[in-house]
1. Note down the net charge around PHE91, summing +1 for each Lys or Arg and -1 for each Asp or Glu among other residues with Cβ under 14 Å from its Cβ.
2. DSSP loop (so not H, G, I, E, B), at most 12 other Cβ within 10 Å: list which trypsin sites (Lys or Arg not before Pro) in region 114-157 pass both filters.
3. Do any GluC sites (Glu not before Pro) in region 57-157 lie in a DSSP loop with no more than 13 other beta carbon atoms within 10 Å, and if so, which?
Amino acid sequence: MSPSHPPVLDASGCRLTIADRADEAAILSLARAFHAEDGHPLSVQGERALGHLLTGQTHGLVFKIEGTSGLIGYAVLCFGYSVELGGRDVFLDDFYIIPSERGHGVGHSVMDALISFSREIGCTALHLEVVAGNRAEIFYRCLGFQDRGSAFLTLRL
């Protein structure tokens with residue numbers, strides 16, 4: 001599903017590349033921090049799913065965000081398919097930048113790269129979920145994300 005070359009972003013002092021199994025410990029540490037900060041601790045099943053994505057690229061990709069000081073964040077894109085939207089779509093499942101690196105344009109640069117990458121691989125839409133009241137909602141709306149007027153419902157199996 002990924003193009004022959006992984007996206008590399010060299011803007012705002014960071015690099016965005018596709019992570020792999022060698023990055024697992026560092027990515028898991030960031031994922032635990034993100035999920036704790038977001039108020040829903042990362043489950044064992046979530047850890048396994050993240051490991052699965054680091055091993056193969058069939059269901060999605062994990063991206064590492066590196067700054068001058070090393071790993072500063074990560075993002076996860078999971079692939080889907082939509083009849084309504086006319087083909088393959090992608091869901092931004094996790095997006096985290098460590099607090100000390102926020103507010104310097106890194107998030108905007110990374111999102112621009114992820115949107116471009118999603119277009120490049122032929123996706124018709126990029127979805128994300130943001131909890132009501134989360135300060136990131138304003139950021140996502142400024143990038144063009146819109147409420148579709150429907151409720152995102154989940155049945156855990």
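Only the coordinates and a few stated rules stand behind these numbers; no lab work does. All values derive from a computational prediction rather than experimental measurement. Every residue, glycine among them, receives a Cβ derived from its backbone with ideal geometry; neighbour counts consider all protein chains shown.
1. Cβ neighbours under 14 Å give a net charge of -2.
2. Those satisfying the criteria are ARG135, ARG148, ARG156.
3. GLU84, GLU129
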